[in-house]
Amino acid sequence: MEINLVYRNEFIKLVTPIIENEKVKRMDKYIQHGTTSTLDHCIAVAYVSFAMAKKLNIHCDYNSLIRGALLHDYFLYDWHVSDESHKWHGFSHARTALENASHDFELTPIEKDIIEKHMFPLNIKLPKYRESYLVTIADKICSSYETIYKVPYVAIYN
């Protein structure tokens, strides 16, 4: 999903402060789906969420949308490693991501909702905001793409 140059520049301006954070950069060392790192996955989810909002003319808090999307999987561990602490990763990682993000960042209610509820319907917590729904949908799109095609998101960085 392409977005025009003006929107792309807006996206880069909004995403840069978070992805330059040293703790957020740690997400790059963990694989999320296929060969895609958790950081690349979160950037892709932010990009797709933002592009959907712009293309569909959905008015929302774009800053919270992007920050929530970038931090939605801020759990900071390798969920592929067999470990009792993340045995139920699909059900528990949203809570872990929210705890980590709340500790490291000042979050808006929208950002908290995005992070906590992005696993709907697996976790039966209904998103409250349109931003949360956008990220939930974008997460499913990106996760499916990464699992099926197993390629990193080169186009986002060009």
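The values are calculated or read from the model by the stated rules, or taken from the named source; none is laboratory data. Owing to the predicted nature of the structure, the values given are computational and were not obtained by experimental measurement. Positions of Cβ are backbone-derived with ideal geometry, glycine not excepted, and every protein chain shown enters the neighbour counts.
Residues checked against (1) at pLDDT 75 or above; (2) outside any helix (DSSP H, G or I); (3) polar (S, T, N, Q):
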site	(1), (2), (3)
96	yes, no, yes
99	yes, no, no
115	yes, no, no
122	no, yes, no
127	yes, yes, no
133	yes, no, no
141	yes, no, no
146	yes, no, no
151	no, yes, no
**Asked** Just one of the numbered conditions (1) modelled with pLDDT of 95 or more; (2) surrounded by fewer than 18 Cβ atoms within 10 Å (Cβ to Cβ) is not true of residue 91; which one?
**Response** (1)
**Message:** Filter region 1-50 down to the residues that are exposed (fewer than 14 other Cβ atoms within 10 Å of the Cβ), among the β-branched types (Val, Ile, Thr) and not in a helix (DSSP H, G or I) and list them by number.
**Reply:** 35
